[in-house]
Structures are given as C-alpha cells and as structure tokens.
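Inspection log for the structure reproduced underneath, given as structure tokens.
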Amino acid sequence: MDNSIHSGLSDLGGNYMSKIEINEDTEHNMFGIYKNTFLALTIMTIVEVAASYLPDGAYVTVILLLLAVAKAALVGAVFMHIKYDKTPWLLTLSVFVVPLAAGSILIFNVWKDWRGVAGA
Amino acid sequence: MNDGNFFRSPKRMLGTTNAAELGLLYFATAFINLLIAGTYALLIRTELWTPDPIYFDTAKDYNVAFTIHGTGMIFLVVVPLGAGFGNYLVPKMVAADNNDMYWPKWNNVAFWMLPIASVFIWFSQAPIGWTAYPPLSILMPGVDMWIVGLVFAGTSSSIGAINFVLTIWKGRAPYVKWMSMDLFVWGTLFTSFLVIIATPVLTAALVMILLDRNFNTVFFSESLSNPILYQHVFWFYSHPAVYIMVLPAFGLISTVIAKFSRTQVFGYSSMVIAMAGIAILSVSVWAHHMYTTGIDPFVRIFFTSMTFVIAIPSGIKVFNWLTTMYAGRIKLRAPMLFALAFIVMFTMGGITGVYINIIALDLNLHDTYWVVGHFHFIVAAGTLVAMFASFYYYFPEITGKMYDEKMAKLHFWFWFGGNFITFVAFQVLGMEGMPRRYYTYPEEFQLWHQIATIGAYLMGISIIFMAISIHRGLKSEKLESLDDPFELGSGYDYPEPFADYIKREHGEDLVIEHKLSIWAPAGAFSLVLPFLGLLAFTEGGPFARGKALESFSGSLGGNIFIVLFLVYLGFFFQKESSAHIGELNPVDKYREGERHWEIWVFLASEVIFFTAVIGVSQAIKWNSLTWPDTNDVLSVPYTAVLTFVLIISSFTMATSLEHVKNGDMEKFKKYLLFTIILGLVFLTGQIIEYAQLAGEGDVTLADNATYPLFSSIFYLQTGFHGLHVLVGVLFLGFVYLRARKGGYSKDNHTYVELIGLYWHFVDLVWIILFTVVYLI
Ligand code: HEM
Ligand SMILES: [Cu+2]
C-alpha cells in the first residue's frame with residue numbers, strides 16, 4: 001500500500017475531512033459493560049433453552065424470536081460498538097435494515113408462490 | 001499514462017495495484033473473452049442456417065454452445081468491461097487520493113479472479129443455459145465447474161464493487177462535489193450497490209444447486225420440494241444483474257453524447273434520480289421472468305406493475321439524451337455514432353421489454369426468440385455498443401494516439417447493421433412462435449433464421465475492423481496534445497488531481513507511486529486450490545451425485561489440492577504477518593478516525609446473504625406438512641453450550657480489542673488467543689455434531705432419510721455459518737501471528753478492529769440461527 005500521499009496529509013490538520021468522534025466517556029468502564037452484556041446474553045440463552053421445552057405454541061415462538069432479536073441487538077450495539085457510533089441509526093439502517101428488507105421481498109414471494117406442499 | 005511496456009512485463013501485469021493498469025487488463029481480458037463468446041455465437045448461428053445438423057452433432061453440444069456464449073458474454077465480457085472502465089475512470093473522476101482505488105491490493109485480487117473464472121467457465125462445457133434451471137442443472141455434467149467459475153466471477157465483482165463504493169465515498173477529493181461528478185461515477189456507484197446486494201443471493205442459489213448435485217440435499221427436488229424456488233432466487237440476482245450491466249453504460253454514454261454535442265448533459269439531476277430509481281426498483285421486478293410458471297396471480301400482478309414502473313426512469317434518460325443532442329451541435333465521430341446506436345437499440349430493447357411485460361402477450365412470447373431479441377437489443381446492441389463508444393472516446397487518453405477513424409466507422413456500420421438485422425429477425429421469429437434454445441426448427445422459419453445468421457456474420461466481421469482500427473492507432477504517431485483530441489472545444493476535463501491540489505494549497509510535493517504486490521495475485525490463484533479440491537471430490541466418477549460425502553477420504557486428487565492450499569496458507573501467513581504494517585494495512589492515516597465503511601459494506605452483503613439462506617429455509621419449513629420437533633432430532637442442550645462458547649468468544653474479542661486500544665499488549669494477545677481457542681472449540685463441536693447426526697438419527701442426507709428437507713436446510717444454514725467461523729478463525733490466527741511479531745500498537749490496530757467486527761457479526765448470526773434452527 002502506498003502511503004506517500006497520506007503521510008503528507010496527516011500533517012495538514014485534516015481540516016477537509018470530517019472526523020467521526022467516538023464517545024470517549026464510556027472508554028473507562030468498557031470492560032464492565034462487556035461483562036454485563038455477556039451476563040445478559042448468557043441469562044437470555046438459558047431462558048431460551050428453558051422456553052423451548054414449553055409445549056409448542058405461538059406465544060413460545062414469539063418469546064423465542066424476541067429473545068433472539070434482543071440478543072442480536074445487544075451484540076450489535078455493544079460488541080460491534082454501533083451504540084457508540086456517531087450515527088447509530090445510519091449504520092443500523094444501511095447495514096441491517098435495508099438488506100433485510102430487500103431480502104424479505106424475496107422471501108415473501110418465495111413463500112407466497114410455493115407450489116404444492118413440500119414433502120416430508 | 002501507458003508507457004507501452006506494461007503488457008510486456010508479466011511481473012507488472014501480475015502485481016500491479018494501479019487502477020488504470022488494472023483497467024487495461026480488464027479490457028484485454030474482456031476482449032479475449034469477447035472473441036471466444038463471439039465465436040460460440042457464430043457457431044450457433046451457423047448451426048441454425050438449416051434445420052439439419054451442420055456443426056453440432058447433438059442437441060447437447062448445441063446446449064453447451066449457448067450456455068457458454070451467454071454466460072461468457074454476461075459475466076466475462078459485459079460486467080468486466082464495466083469494471084474496466086470503472087478502474088480506469090473512477091479514481092480520476094473523483095480525484096481519489098493517489099489516483100487509485102481505495103484498496104489497491106484487493107483491486108488486484110478482484111481482477112485476477114476474472115481470468116480464473118473465465119478458465120473455469122470456458123472449460124466447464126455445461127449444457128444448461130446461463131440460467132441453470134433445475135432439474136436440468138442437477139442432472140447434467142460440467143455444472144460444478146461452471147458454478148465454481150461463476151462464484152469466482154461473482155466474488156471478483158463483489159470485491160470490485162465494495163472497492164468502488166469506498167473509492168467514491170471515502171476516496172473522493174473534498175472538492176469534488178456529489179452533484180458535479182461525471183454521471184459514470186453515479187452509474188458505477190449504483191451498480192456497485194446492486195452487486196453488493198444481489199451477488200450473495202446468486203451465490204446462495206448456486207451453492208444450493210451444488211449441494212443438490214453432490215450432497216443429496218433436496219432444495220429443488222421435483223418430488224420433495226419446489227424447483228421454481230430456484231427461479232426466484234436466481235432472478236432476484238439476475239434481474240438486477242441486467243441493470244448492473246446497463247447502469248455504467250448509461251453513465252458512459254451520457255458523457256459521450258454531451259461531449260460530441262458540445263454541450264452539457266441535459267437534466268443532470270434527473271439522470272441521477274433515474275439511476276437511483278432504477279437501482280432501487282430493480283430488486284422488485286424479478287418475477288417478470290416467471291409469468292408462465294403458473295405463478296401465484298397476486299405475485300404476478302405485483303411484478304407486472306413494478307416492471308412497468310421501472311420502464312419510466314429508463315424513458316426519462318432517453319428523453320434527456322435526445323434533448324442534450326437537440327440543444328447541442330453534433331459532431332459525428334465514431335464514438336458518437338456508437339452512442340447514437342445505443343439510444344436506438346436501447347429503445348428497441350426497452351419497447352420489446354414492455355411488450356413481454358404485458359402478461360397476456362408474454363404467455364405467448366415467453367421462451368421464444370422475442371425474448372432473445374429483447375435482451376440482445378439491450379445487452380449486445382445497447383450495453384456493448386456503449387462500451388465501444390467509450391472505448392473509442394478514451395482511446396487517445398489511454399494510448400496517447402488516435403485510433404483509425406475509417407476502420408472504426410466500418411466497425412460501427414457492420415456492427416450496427418448486423419445488430420439490427422439479427423435482432424429484428426429474432427423478434428419476427430419470436431412472433432411467429434419459434435422457441436429459443438433449439439438446434440433445429442420447422443422449415444417455415446428458415447428464411448428468418450438465415451437472415452439472422454447473415455447479421456451475425458456482419459457483427460463478426462465488424463470486430464475485425466475494430467482490431468484493425470486499434471492496431472493502426474497503436475502504430476500511429478503520438479498525439480501532440482491530449483487536451484482535446486476530437487476537437488470538440490473541450491477535453492476529458494477531470495477534476496484536479498489530489499496531489500496537484502495538495503501542492504497548490506499546501507506546497508507539499510507528494511510522489512504518486514503504485515507498488516507491486518505479488519501476494520495479491522498469489523492469493524487469488526491460491527483460492528483455486530480448494531475449489532479444485534472440491535471439484536475433484538464432486539465431479540463425475542465415484543464422486544457423482546450423493547457420493548461426495550463418502551468420497552472425502554477416497555479422492556487422492558482432492559486431498560492433494562486441499563493440502564497444497566493449507567501449505568500455501570501457512571507460507572502466506574508466515575510471510576505476510578511479518579511484513580511491515582504499512583504494507584499490509586489498507587487503512588492509512590488519511591482515513592483514520594473515520595468509520596470503517598469497508599467492513600460495514602461487506603457486512604451489509606453478508607446480511608442479505610444470510611437473509612436469503614435463512615429466509616429460504618424458513619419458507620421451505622412453512623410450506624412443509626411434516627416437520628420434526630427439533631427437540632427430538634437435535635440436541636438442544638449440546639448446541640446451547642456451543643452458543644455459550646461463541647458468546648464468550650465475542651466477549652473475549654471485545655476485551656482483547658479494548659486492551660490493544662489501551663496499549664496493554666500482553667492482555668490483548670492473551671484474549672485474542674482465547675477467542676481463537678473458543679472459535680476452534682465451536683468448530684470442533686459442530687464437526688462432532690455433524691458426525692453424530694450422519695451416523696444415526698433422522699437428520700441425514702441419505703437416500704432413505706426420514707426428513708430430507710429438514711436435513712437439507714439444517715446443513716445449509718449451519719454449514720454456511722460454520723464456514724464463516726472457519727474463515728474468522730483463520731483471520732484471527734493471522735492477526736495473532738502479527739500481534740506476536742509486534743505488528744500492532746495502541747495507535748495502529750485497525751485490522752484487529754475489522755476482524756473483531758466480523759467475529760461479532762458471525763456470533764450475531766449464530767444467535768439468530770440457534771433460535772430458528774434449534775429452538776422453534
Ligand atoms: C425497459 C424496461 C424493461 C422491461 C419492461 C423488460 C421486460 C422483460 C421481461 C418481461 C422479460 C421476460 C421475458 C420472458 O422470459 O418471457 C425480460 C427478459 C429479459 N430482459 Fe428485460 N426488460 C426491460 C429492460 C431490460 C434491460 C435494461 C435489460 C438489460 C440490461 C434487460 C435484459 C433482459 C434479459 C437478459 C432477459 C432474458 C433473460 C433470459 O430469459 O435469458 N431487460 N425483460
Ligand atoms: Cu428482468
């Protein structure tokens with residue numbers, strides 16, 4: 001990789017490039033936050049496994065899905081630092097929501113346009 | 001820029017990271033591929049001169065010819081040409097720093113995947129049509145190799161697309177404003193978004209075919225599942241793919257028309273909005289390829305409406321071009337002639353397209369030559385013509401010389417005439433009911449077939465004129481000035497190069513220098529090894545359908561390829577991990593402090609990939625009558641432990657990164673190692689799970705499996721995820737090696753951050769998978 005231009009640039013004060021600041025206040029207790037997140041994820045996983053033994057039913061499915069989404073959101077927000085980004089909504093929207101929405105159009109039609117009943 | 005020696009030095013061709021040079025390599029590769037795919041076209045047309053066999057002995061040989069022709073033209077000619085122009089033009093048009101792409105090394109990797117893809121595709125000789133519909137594609141030989149080729153081509157364009165997005169988004173000089181960029185930059189940007197969104201879905205579809213062929217899964221089985229499923233997934237990629245081809249052409253042609261009309265593009269912002277509209281709408285029109293499949297009527301109405309809507313922005317663009325010319329003074333040099341041809345042909349293609357979007361008409365015209373005429377008007381007569389126009393327009397800039405105008409005009413007239421004759425003949429044949437993809441036909445079609453064949457030969461001859469024009473141009477004298485080679489009153493006018501700007505503003509002299517990298521192409525080539533291994537395991541012989549599972553131990557060739565790859569990998573790790581950090585790290589000081597879009601864009605494409613894989617699996621599940629209770633067939637507590645392992649690994653990864661940020665290198669390395677070990681534990685756990693399931697129980701892919709569909713989606717989802725974990729572990733191992741050699745520091749740990757994000761993402765996917773696969 002060639003750094004010739006860039007090494008020069010860094011001395012120029014970077015006035016033409018907006019910088020994204022990461023919220024520095026949280027820096028110090030990050031380890032604690034990670035630990036708590038980890039604990040929360042563990043507890044939710046235990047609840048999930050327990051719930052999966054309940055008799056099948058719509059409400060169990062809903063609980064399980066909500067838990068999965070909550071866990072995924074935790075990983076995204078804390079471990080992937082989306083929460084600490086300057087514009088969390090922009091990241092969430094462009095990386096998760098839009099591709100999910102585009103994919104869902106496909107899935108909806110695949111489901112809707114299924115021919116016959118799938119065999120065993 | 002081109003000093004002529006470039007094509008004489010294999011080392012430079014292999015190792016170049018210079019976008020302009022890679023652009024030339026794209027052109028050269030695409031031109032060679034054009035000759036090959038064109039030869040196939042002529043063979044096809046020769047065969048159709050009479051209803052009797054002339055060249056091809058069997059229908060299958062004929063099928064091979066049109067498969068290779070179509071796949072080649074789309075994936076190895078037109079798409080690469082877009083990437084070639086992108087490489088050559090985009091860094092200049094956005095005054096990217098160093099006049100290069102954002103990731104020069106990856107740019108090299110992306111290019112070298114293309115010749116690899118070409119070789120696989122040319123040699124596959126698959127007889128399935130470029131659309132590869134099952135059940136045919138599951139039964140025929142050569143398809144595995146064809147798929148491997150397409151995966152290489154797709155990966156190449158995905159890497160290229162991410163690189164374009166980053167170059168335009170982040171590499172753009174601060175003084176290049178969005179709404180003053182050349183329209184080609186916009187075209188490339190939207191195309192790149194489409195590639196990023198759609199290509200992973202194609203990969204998913206192709207891998208499902210591969211699994212159906214070799215591992216006894218039943219995704220597209222006629223009796224157990226739904227072969228039409230493939231068409232949805234395939235066209236979800238392949239309709240956007242037609243716009244992936246045409247959007248860069250829109251951009252190129254806008255510039256040529258404005259230049260040769262000696263005015264500005266009319267309606268600049270409406271051009272940008274139209275392209276954005278096309279890009280967004282193009283993911284919701286795919287089922288117009290499936291009107292005759294007995295599709296759900298509700299779905300059909302939705303798609304016919306959306307398709308009519310997407311024709312509107314294309315129409316807007318045509319009117320803008322016409323207005324641009326009307327407002328200007330036209331000069332008819334070869335580029336302009338081709339540009340005019342583009343407008344005519346694209347309009348023909350668009351109008352014939354609107355016809356087949358009328359369901360009542362498509363019920364008759366589907367799978368006839370009408371459709372073949374439609375897309376040839378758009379792709380061969382349209383998109384390719386736009387590429388010719390721009391090729392001639394930029395020829396002086398690329399070579400410093402002028403092509404031969406007379407020959408170029410002959411090229412134009414023969415090409416344009418040939419296009420028109422052939423494709424109009426196609427439309428007529430279609431209206432009369434001639435179905436596509438047959439190597440014989442009833443007598444009454446002969447006249448129009450012969451007309452089409454004559455047109456095809458005119459096109460073939462035109463390429464000879466093109467070659468002569470280039471050849472004469474290269475032998476001619478250097479032009480004195482490149483400011484305005486066509487005497488139009490204005491030249492190529494790119495924005496001021498970034499280095500010049502720095503010099504003027506800050507008085508600092510920056511040297512533009514493009515380093516050679518031999519590891520980049522070596523990396524691309526090394527990826528051939530595991531795929532050759534896969535092919536050895538799967539193709540023909542004892543590894544035929546369903547036997548691949550048993551044959552891993554049995555295939556000597558396959559094992560040799562895999563071992564070679566591992567050896568290479570070890571060597572590469574050893575070598576690269578001790579390289580100077582500046583060599584390796586693509587993110588330099590200039591971009592520091594900004595968000596790491598490179599990984600986020602990649603993750604976005606991963607999100608759509610897993611949405612497709614998980615979503616399709618769910619759709620299969622919802623439509624099945626018999627579905628096992630997961631608690632009976634899988635071990636939930638066992639997997640819960642694996643889930644727990646992955647969650648800990650996310651925690652250790654995050655902790656590790658925090659330590660390197662604080663400069664605590666020992667703890668950084670320790671937690672990194674933990675993460676790797678946990679990743680390995682997870683993988684081992686999954687292998688054990690697979691082994692147990694394969695041995696006994698209901699989740700098998702054996703011929704007499706109790707739950708073939710459940711098993712298919714189980715292995716698809718967990719398998720793809722496992723592959724991601726494996727890749728993650730490899731990258732983590734690499735980072736760890738580097739870390740031990742002191743490669744990272746408090747201020748320099750971008751790679752750790754990137755791999756960390758990837759790792760957490762893989763964990764996130766597993767959290768979802770654990771619920772949808774094991775719990776509900
Ligand atoms: C202007 C609006 C367009 C409309 C309304 C339209 C409509 C259609 C329809 C309905 C079909 C399916 C026909 C059938 O199989 O029965 C089709 C096929 C096709 N179109 Fe278009 N199209 C349009 C533009 C384009 C563009 C811009 C491209 C390429 C850049 C394109 C490339 C293709 C290709 C390649 C096929 C055939 C694929 C195959 O079956 O092998 N179309 N089009
Ligand atoms: Cu389409």
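Under a no-solvent Debye model with one identical scatterer per Cα of segment A:29-80, what's log10 I(q)/I(0) at q = 0.17, 0.23 Å⁻¹?
So the normalised log intensities work out to -0.54, -0.82.
Tell me, what ³J(HN,Hα) does each residue in segment B:113-127 have, in order and in whole Hz, if you take phi through Karplus 6.51 cos²θ - 1.76 cosθ + 1.60 with θ = phi - 60° and put x for Gly and Pro?
With coefficients 6.51, -1.76 and 1.60, one gets 5, 6, x, 4, 4, 4, 4, 4, 5, 4, 7, 5, 6, 7, x Hz.
Sort B:Glu47, B:Glu480 by heavy-atom solvent-accessible area, probe 1.4 angstrom, most to least.
Values: B:Glu47 0, B:Glu480 190 Å².
Reading off the accessible areas and sorting them downward yields B:Glu480, B:Glu47.
Which entries in the list B:Lys170/B:Lys503; B:Lys11/B:Lys661; B:Lys478/B:Lys515 go over 32 Å, if you measure between the two C-alpha atoms of each?
Listed pairs above 32 Å: B:Lys11/B:Lys661.
I want to verify the translational diffusion coefficient of segment B:634-734 in µm²/s; compute it with Stokes-Einstein, Rh as the Kirkwood radius over Cα pairs, at 37 °C and 0.692 mPa s.
Values: Rh = 15.0 Å.
In µm²/s, the coefficient rounds to 219.
How long is the gain from B:Arg8 to B:Thr46 if the chain were fully straight, where each residue apart is worth 0.36 nm and the alpha carbon distance is subtracted?
Details: separation 38, 0.36 × 38 = 13.68 nm, distance 3.68 nm.
Contour length minus the Cα-Cα distance gives 10.0 nm.
How large is the translational diffusion coefficient of segment B:287-438 in µm² per second when you combine the Kirkwood radius over alpha carbon pairs with Stokes-Einstein at 10 °C and 1.306 mPa s? Before the final figure, lay out each step's value.
Working: Rh = 17.0 Å.
Result for D is 93 µm²/s.
When you count, for each residue, the other Cβ atoms within 10 Å and take the mean per peptide, how do B:632-638, B:422-428, B:721-727 rank with the highest first? Numbers along the way, then the final one.
Details: B:632-638: 14.3, B:422-428: 23.0, B:721-727: 17.6.
With the highest mean Cβ count within 10 Å placed first, the list reads B:422-428, B:721-727, B:632-638.
With labels modelled as points extended 7 Å from the Cα through the Cβ direction, what inter-label distance (nm, one decimal) is found for B:Leu136 paired with A:Asn36?
Simple spin-label model gives 6.1 nm for this pair.
Which lysines have a Cα lying under 30 Å from the Cα of B:Lys60, excluding residues fewer than 8 positions away in the same chain?
Within reach: B:Lys547.
Can you work out the Karplus-derived ³J(HN,Hα) for every residue in segment B:456-472? Use 6.51 cos²θ - 1.76 cosθ + 1.60 with θ = phi - 60°, whole Hz, and x for glycine or proline.
4, 5, 4, 4, x, 4, 4, 5, 5, 4, 4, 4, 5, 4, 5, 4, 4
Divide by every residue of the protein assembly as shown the summed helix terms, -39500 (n - 2.57) for each DSSP H run of at least 4, and state the resulting mean residue ellipticity at 222 nm, rounded to the nearest 500 deg cm²/dmol. Intermediate results must be reported in sequence, preceding the final value.
Details: 34 runs with 598 residues, N = 896.
Computed mean residue ellipticity for the protein assembly as shown: -22500 deg cm²/dmol.
Just the ratio, please: alpha-carbon radius of gyration of segment B:6-478 over 2.2 N^0.38 Å, N its number of residues.
Numbers: Rg = 21.5 Å, N = 473, 2.2 N^0.38 = 22.8 Å.
Taking N as the residue count of segment B:6-478, the ratio is 0.94.
Send over the per residue convex hull volume for segment A:42-120, Cα only, as a whole number of Å³.
Details: hull volume 10.5 nm³, N = 79.
Hull volume normalised by residue count: 133 Å³.
Averaged over its residues, how many other protein chain Cβ atoms are within 10 Å of peptide B:217-229's Cβ atoms? Please list the in-between numbers first.
Values: counts 0, 2, 0, 0, 2, 0, 1, 3, 5, 7, 1, 5, 5.
Mean partner-chain Cβ count within 10 Å for B:217-229: 2.
Using all C-alpha to C-alpha distances in segment B:723-767, build P(r) with 10 Å bins and read off the rounded percent in each one.
Going out from 0 Å in 10 Å bins, segment B:723-767 shows 28, 50, 21, 2 percent.
Find the accessible area per residue for the protein assembly as shown; the probe is 1.4 Å, ligands and nucleic acids are left out, and the unit is Å².
Numbers: 33700 Å² over 896 residues.
Value for the protein assembly as shown: 38 Å² per residue.
Per the Cauchy relation, a quarter of the hull surface: what is the mean projected area of the convex hull of the alpha carbons in segment B:605-775, in nm²? Let's see the in-between values first.
Details: hull surface 40.3 nm².
So the Cα hull casts an average projection of 10.1 nm².
Whole angstrom only: what separates the Cα centroid of segment B:22-49 from the Cα centroid of segment A:54-120?
That distance is 43 Å.
What total accessible surface area, summed over both chains, is buried at the interface between chains A and B, computed with a 1.4 Å probe and given in Å² to the nearest 100? Please report the intermediate quantities before stating the final value.
Working: alone 9920 and 31270 Å², together 33700 Å².
Interface between A and B: roughly 7500 Å².
Order the peptides B:147-155, B:730-738 from the highest to the lowest mean number of other Cβ atoms within 10 Å of their residues.
Working: B:147-155: 23.9, B:730-738: 19.3.
For the peptides B:147-155, B:730-738, the packing ranking is B:147-155, B:730-738.
Using amide H atoms built in the peptide plane, which far-off residues or other-chain residues are under 5 Å from B:Thr368 H to H?
B:Arg436
For a protection proxy built on the mean count of beta-carbon atoms within 10 angstrom, sort B:26-33, B:497-504 highest first, please.
Numbers: B:26-33: 19.9, B:497-504: 17.1.
My ranking of the peptides, most packed first, is B:26-33, B:497-504.
Using the Kirkwood radius built from alpha carbon pairs, what does the Stokes-Einstein equation give as D for segment B:1-134 at 20 °C and 1.002 mPa s, in µm² per second?
Numbers: Rh = 16.4 Å.
Calculated translational D: 131 µm²/s.
When the Karplus curve 6.51 cos²θ - 1.76 cosθ + 1.60 is applied with θ = phi - 60°, which whole-Hz ³J(HN,Hα) does each residue of segment B:55-63 get, with x for Gly and Pro?
Computed from phi, the couplings for segment B:55-63 are 10, 8, 7, 10, 4, 5, 4, 5, 4 Hz.
Could you tell me the distance between the Cα centroids of segment B:471-510 and segment B:118-169, to the nearest Å?
Answer, in whole Å: 38.
For the pairs A:Lys35/B:Lys621; B:Lys331/B:Lys409; B:Lys406/B:Lys475, note any where the Cα-Cα span goes beyond 25 Å.
Working: A:Lys35/B:Lys621 37 Å; B:Lys331/B:Lys409 14 Å; B:Lys406/B:Lys475 15 Å.
Beyond 25 Å between Cα atoms: A:Lys35/B:Lys621.
Computing the accessible area with a 1.4 Å probe over protein heavy atoms, can you report the carbon and sulfur percentage for chain B? Let's see the in-between values first.
Numbers: 18610 of 27660 Å².
Carbon with sulfur: 67 percent of the solvent-accessible area.
Report, as an integer, the average count of C-beta atoms from other chains found within 10 Å of each Cβ along A:91-98. The partial results should precede the final answer.
On the way: counts 5, 0, 0, 5, 11, 6, 2, 6.
Mean shielding count: 4.
Using r as the Cβ-Cβ distance of B:Thr706 and B:Glu508, and R0 as 51 Å, what FRET efficiency do you calculate, to the nearest 0.05? Mind showing how you got there, number by number?
Numbers: r = 72 Å, r/R0 = 1.40.
Efficiency computed from Cβ-Cβ geometry: 0.10.
Compute the accessible area of each residue in segment B:754-774 twice, once for its chain alone and once with every protein chain present, using a 1.4 Å probe on heavy atoms, and list those whose area falls by at least 50 Å².
B:His760, B:Leu764, B:Ile767, B:Thr771
If the convex hull of the alpha-carbon atoms of the protein assembly as shown is projected onto planes in all directions, what is the mean projected area in square nanometres? All intermediate terms of the calculation are to be shown ahead of the outcome.
Working: hull surface 143.5 nm².
Seen from a random direction, the Cα hull of the protein assembly as shown projects 35.9 nm² on average.
How many Cβ atoms of partner chains, on average, are near each residue of B:611-617 if near means within 10 Å of its Cβ? Don't skip to the end; give the middle numbers.
Numbers: counts 9, 7, 1, 2, 8, 5, 1.
Average neighbour count from other chains, rounded to a whole number: 5.
The values are calculated or read from the model by the stated rules, or taken from the named source; none is laboratory data. Every value quoted in this text rests on a predicted model; they were computed, and no experiment measured them. No Cβ is skipped: glycine too gets one built from the backbone with ideal geometry, and neighbour counts run over all protein chains shown. Remember, those area values only see protein heavy atoms, side chains included, never the ligands or the DNA or RNA. Shrake-Rupley method; radii C 1.70, N 1.55, O 1.52, S 1.80 Å.
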